[in-house]
Amino acid sequence: MNNKENIFTFNSKSWIGNLGKKSSKVQQPKCKICNKELKEEIKYSKVEVEIERYNGEDMLSASNILIVSENLYEALVNAGINGFAPIKVSKVKQKYSDIDMTTIPTLVYLAILAPPVRNIPIASDFIGICAGCNSYLNKYNEEKSKLIIRNSEENAIHLQVYYDSYKGADIFNFVDHGEIGVTQKFLDVIKDFNCPDNVIIPSEWI
């Protein structure tokens, strides 16, 4: 275990605004047996953000996607961080915002690449494994569903992740979890930038 990369569940709580109508979501394929959506493509091919607020952050979120400043993006690339495709963000002012758009830097959406990494679900009840896609079949649990995106690191459950499904990416999706996964290498880069309000919880390899 000691030679395996330390990984974490990660979500940015630094909200900048909502996605605009010109954003294009990529339709994911579905399993023909269980009809579960399979994460085989990036989430959005085009991103427009209706900016409502900005306080100089280098990492931001909109509709649960990760957006970074151009400076942070270049640092990630220079550090060899992999697992994403960069997509430039189109910026528009939110209708009722008084923000000065000239203060907003160039923004880049980190479009996370396939494949997602398998995990033991913590936000639903396990009821079996699909014979078609080999993924977990889950039953909705209202109480557990709150764990799909955690708002605090306090007393947080550590997600258990199958090492044999991991392909070495520094940023990745999970098959059955709403937060993204990142490595310590990714965290080492962002610590030198203005990246507030992140929820970072260690995960465990199994």
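Values computed for the structure shown
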quantity	calculated
Fraction of antiparallel bridges per DSSP, the chain only, in percent to nearest 5	80 percent
Net lengthening on full extension, Asn64/Val77 (0.36 nm per residue, minus Cα-Cα)	2.5 nm
As computed over the range 62-123, the Cα convex hull volume per residue (Å³)	128 Å³
Diffusion constant of the range 21-104 at 37 °C, which comes from Stokes-Einstein with the Kirkwood Cα-pair radius and 0.692 mPa s, µm²/s	219 µm²/s
Rg(Cα) / (2.2 N^0.38 Å) computed for the range 90-156, rounded to two decimals	1.78
Under 23 Å from Lys4, Cα to Cα: lysines that are on another chain or at least 8 residues apart	Lys167, Lys185, Lys191
The range 67-206 - convex hull of the alpha-carbon atoms, volume per residue in Å³	162 Å³
Length-normalised contact order for the chain - Cα pairs under 8 Å, 6+ apart - percent	30 percent
Stretch gain in nm, segment Met101-Glu154, where the contour uses 0.36 nm per residue and the Cα spacing is subtracted	15.5 nm
Modelled FRET efficiency - R0 22 Å, Lys93 with Lys25, Cβ distances, 0.05 increments	0.50
Spatially proximal lysines relative to Lys21 (Cα-Cα < 19 Å; intrachain offsets below 8 disregarded)	Lys43, Lys46, Lys88, Lys91, Lys93, Lys95
Taking the range 80-196 and dividing mean pair separation by its residue count, relative contact order in percent (alpha carbons under 8 Å, at least six apart)	30 percent
Share of alpha-carbon pairs per 5 Å distance bin for the range 1-45, given as whole %	5, 14, 11, 14, 19, 16, 13, 6, 2, 0
Reciprocal of mean inverse Cα separation for the range 1-157 (Kirkwood radius, Å)	18.0 Å
Cys residues of the chain counted as unpaired, since no other Cys beta-carbon is under 4.7 Å	Cys195
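Every number in this text was worked out from the coordinates using simple rules, so none of it is lab data. Since we're looking at a predicted model, the values are computed, not measured. Quick reminder, even Gly has a Cβ in these numbers, built from the backbone with ideal geometry, and neighbours come from all protein chains shown.
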